[in-house]
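The structure appears right after this line, and notes come after that.
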Amino acid sequence: MSLAVLKSRALAGMQAPAVNVEVHLANGLPGMTIVGLPDAEVREAKDRVRAALQNSGFTIPPRRITVNLAPADLPKESGRFDLPIALGILAASQQIPGEDLERYEFAGELSLSGELRPIRGALAMTFAMHRHGDGERGGARAFILPLANADEASLVSDAAIYPARTLLEVCAHFARGAGNARLARHQGQALPAALDYPDFAEVKGQQMAKRALEVAAAGTHSVLLIGPPGAGKSMLAARFPGLLPPMSEDEALESAAVQSIAGSFSPQRWRRRPFRSPHHTSSGVALVGGGNLPRPGEVSLAHHGVLFLDELPEFDRRVLEVLREPLESGRITISRAAHQADFPARFQLVAAMNPCPCGWLGHASGKCRCTPEVAQRYQDRISGPLLDRIDIQLTVAAMPAESIGAQADGETSGAIAERVSRAHALQLARQGKPNQRLEPREIDRYCRPDAAGERLLRAAMQQLHWSARAYHRVLKVARTVADLADSEQVAAEHIAQAIQYRRALREL
């Protein structure tokens, strides 16, 4: 047999399309050629594979070796194809039996000594393999990959994971004879049961801000906190993930798969809401993702979690504008000349800013020396369309001197999270989604206020010159306030509270 075919997977955005690794031995000058749209990392595999085979005690066949990664029009990147290429050479040269290879998929980067190094995207690849099966036997194949990726891949329920440390261990798994050790199926590890978020009880005062963040957590609304330096904006934002409802199995898998593709997933963070806080010097590509072979950006790494943008006006305006589409759609599409990639971006935006360049506008000390024009230009760095998409815009006042040394006496994150979870469950039972994601026709059905609330909302819209989008967002926030109060009807008091959460910049 001079031909061997093994199964592996590539990465294309959140997808992990199947790849056939075909290895053919032919007469001719000895050498190895890799075809099938490989990038530089894949083309370099021939040198890694050659050294790994020699240092593992195998013979490099003195023939012309052609490796085809099919389909040919799908870009292939990274060193994950090293292991199937090496096994294909051994099977085609009859140094290992090839009968059982079709029952498995393979991925792993080889060191020159034959050890298996971890790869990116193991969870996404395992999830795709287990979901789609092989199309022939009606079930999913088993997956052989590096030991360092085993815990991550085993998060996919019922997936058959066989980890290995070296190329020799994989070859022994397929070799005939009673003395050869078989790879053991990985059972996974015990994952952390408790999530150690910072506690809201540590925040002194700021009752209105805490209430607004409770509403935001219950309905997955976006938030902008405006206040002077040291008022507690960053402290409140850091504790916000502790208020969010527990992640479902599907949410946890989606979030972990994105982090796996980026190479930043740790099993110790399983079911923990992501909290991403990029610096204000970040570029647009860093925020939404990109590259010749697109990788996820901060908005995708915050999927089902929190994206915290501190010092919001200090971000480049063009960078902030890229947030508009994912805030509405919950997805980001990165297009390149040859291909495009889709990444999920269902994040919850929490932003913070000072009211003026010096930060002290409106402070009781009166030490702000910014002119109204300077303060207005600073606030105008945030465009109207982006500001219109932020549901809750709240002023966080400076702490009075007499309160700074007092003991914190607020509610714990656990007590607030219980109310948030009840309101969130109520929304899922009523409409199958959080209030923030309601469509216009659903707003008319689920968020219709009573007569007094309707009059109040229309008066506020005329006085504050709101857009139709702002009108709908206030209604959705009011619906969340009503859910926290366990009220079926959106009343005037709920509308009034929602209106107060959207007036911060106008009051400065």
Over all directions, what mean area does the Cα convex hull of segment 200-436 project, stated in square nanometres? 14.3 nm²
What translational diffusion coefficient, to the nearest whole µm²/s, does segment 181-305 have by Stokes-Einstein, given a Kirkwood radius computed over alpha-carbon pairs, a temperature of 4 °C and 1.567 mPa s viscosity? 77 µm²/s
Nearest 10 degrees, 0 to 90: helix 122-132 Cα axis against the chain principal axis: 80 degrees
So what are the chain's ellipsoid semi-axes, whole angstrom, largest first, if each one is the square root of 5 times an eigenvalue of the alpha-carbon gyration tensor? 54, 23, 21
For segment 48-55, in residue order, the Karplus 3J(HN,Hα) values (coefficients 6.51, -1.76, 1.60; θ = phi - 60°; whole Hz; Gly and Pro = x) are 5, 5, 4, 5, 5, 5, 5, 6
For segment 3-174 the mean separation of alpha carbon contacts under 8 Å (6+ apart) over residue count, i.e. relative contact order in percent, is 23 percent
Trypsin sites (Lys or Arg not before Pro) in segment 316-370 lying in a DSSP loop, each with at most 11 other Cβ atoms within 10 Å of its Cβ, come to Lys367, Arg369
Nearest 10 degrees, 0 to 90: helix 207-219 Cα axis against the chain principal axis: 50 degrees
Of the GluC sites (Glu not before Pro) in segment 46-107, which ones lie in a loop per DSSP and count no more than 11 other C-beta atoms within 10 Å? Glu99
Check the cysteines of the chain one by one and keep only those with no other cysteine Cβ under 4.7 Å from their own. Cys171, Cys358, Cys368, Cys447
Using mean Cβ contacts within 10 Å as the protection proxy, how do 428-441, 155-168 order, highest first? 155-168, 428-441
Once you list every other residue whose beta carbon is under 11 Å from the beta carbon of Arg419, what net charge do they have if Lys and Arg are +1 and Asp and Glu are -1? -3
Could you pull out every one of the aspartates and glutamates with an alpha carbon less than 13 Å from that of Lys476, ignoring same-chain neighbours closer than 8 positions? Asp391, Glu439, Glu442, Asp444
Percent of beta bridges antiparallel (DSSP, the chain, rounded to nearest 5): 45 percent
I'd like to know which of Pro357, Leu426, Ala140 lies farthest towards the positive end of the charge dipole of the chain, counting +1 on Cβ of Lys and Arg and -1 on Cβ of Asp and Glu. Pro357
Normalised by the number of residues in the chain, what is the relative contact order in percent for Cα pairs under 8 Å and 6+ residues apart? 13 percent
How large is Rg/Rh for segment 3-174, to two decimals, with Cα atoms and a Kirkwood Rh? 0.93
Suppose a student asked you for the relative contact order of segment 323-403, using Cα pairs under 8 Å spaced at least 6 residues apart; what percent would you report? 22 percent
Magnitude of the Cβ-charge dipole (Lys and Arg +1, Asp and Glu -1) of segment 58-163 about the Cα centre, nearest 20 debye, reported as 260 debye
Against the longest alpha carbon principal axis of the chain, how many degrees, from 0 to 90 and to the nearest 10, is the axis of helix 82-92 turned? 20 degrees
Potential lengthening between Ala148 and Asp486 on full extension [0.36 nm per residue; Cα-Cα distance subtracted]: 117.0 nm
For a quick check: with amide H placed at 1.01 Å from N, whose amide H comes under 5 Å from Val19's, ignoring anything fewer than 5 positions away on the same chain? Ser8, Arg9, Ala10
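Rule-based calculations on the coordinates, nothing more; no lab input. Every value quoted in this text rests on a predicted model; they were computed, and no experiment measured them. All Cβ positions, glycine included, derive from the backbone under ideal geometry; neighbour counts span all protein chains shown.
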